[in-house]
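What follows is one structure encoded as structure tokens, with my remarks underneath.
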């Protein structure tokens with residue numbers, strides 16, 4: 001089995017994010033309340049898998065609105081990853097499964113690898129992704145340590161499919177530190193609005 005490849009940060013990721021965000025906004029129109037680059041590829045200087053992560057915040061995943069956004073993304077060529085229906089719940093967080101729901105879409109094979117996480121605006125998992133990203137952007141030494149952990153995990157895991165499960169507790173450590181930082185700093189989210 002081929003190993004998991006972690007690469008150095010690439011300046012090109014920012015432009016690739018922008019192109020993908022524009023494509024998502026065109027497909028979803030007003031259903032997309034905000035579109036944000038998230039994950040390691042959104043943190044300057046942080047190594048990552050060469051897969052863009054983008055978060056689309058929407059009003060709801062339920063009913064006709066949820067079905068409409070799914071249809072629009074699939075019409076635009078994104079592939080619905082039906083087995084990913086929720087994020088893991090970090091320690092100390094409200095364990096209500098509905099609060100951690102999401103839809104996951106990917107680019108089709110042959111296109112630039114990307115994961116599109118669709119979450120409800122204001123839900124804890126929507127906030128989690130933005131808070132971790134902004135904390136790592138503001139704390140380069142923490143980002144560097146996190147990057148080293150990812151490199152070592154990628155090299156040591158016998159089954160690369162275990163990578164997300166093993167990495168989640170490390171991201172939770174970042175999240176717990178980020179919560180304390182958010183309180184101290186008055187963090188209000190990427191667009192200046194409290195989340």
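The values are calculated or read from the model by the stated rules, or taken from the named source; none is laboratory data. Keep in mind the model is a prediction, meaning the values are calculated, not measured. Don't worry about glycine lacking a Cβ; one is built from the backbone with ideal geometry, like all the others, and counts go over all protein chains shown.
Couple of notes before you dig in:
- Pairing each residue of region 161-174 that is over 16 Å from residue 89 (Cβ atoms) with any residue that is in a helix (DSSP H, G or I) and at pLDDT 85 or above, provided the two are 6+ apart or on different chains, yields C-beta distances under 7 Å for 163/153; 163/154; 166/153.
- Single unsatisfied condition, residue 119 versus (1) within 30 Å of residue 76 (Cβ to Cβ); (2) assigned to a helix (DSSP H, G or I); (3) touching a residue at least 60 places away in the same chain (Cβ under 8 Å); (4) in contact with a helix residue (DSSP H, G or I) (Cβ under 6 Å, 6 or more places away or on another chain): (2)
- Among the residues listed as 93, 99, 84, 65, the single one being at pLDDT below 95, in contact with a strand residue (DSSP E or B) (Cβ under 9 Å, 6 or more places away or on another chain) and closer than 22 Å to residue 174 by Cα: 99
- Enumeration of residues in region 145-177 that are more than 25 Å from residue 126 (Cα to Cα) and either assigned to a helix (DSSP H, G or I) or in contact with a helix residue (DSSP H, G or I) (Cβ under 7 Å, 6 or more places away or on another chain) (or both): 148, 151, 152, 153, 154, 155, 156, 157, 160
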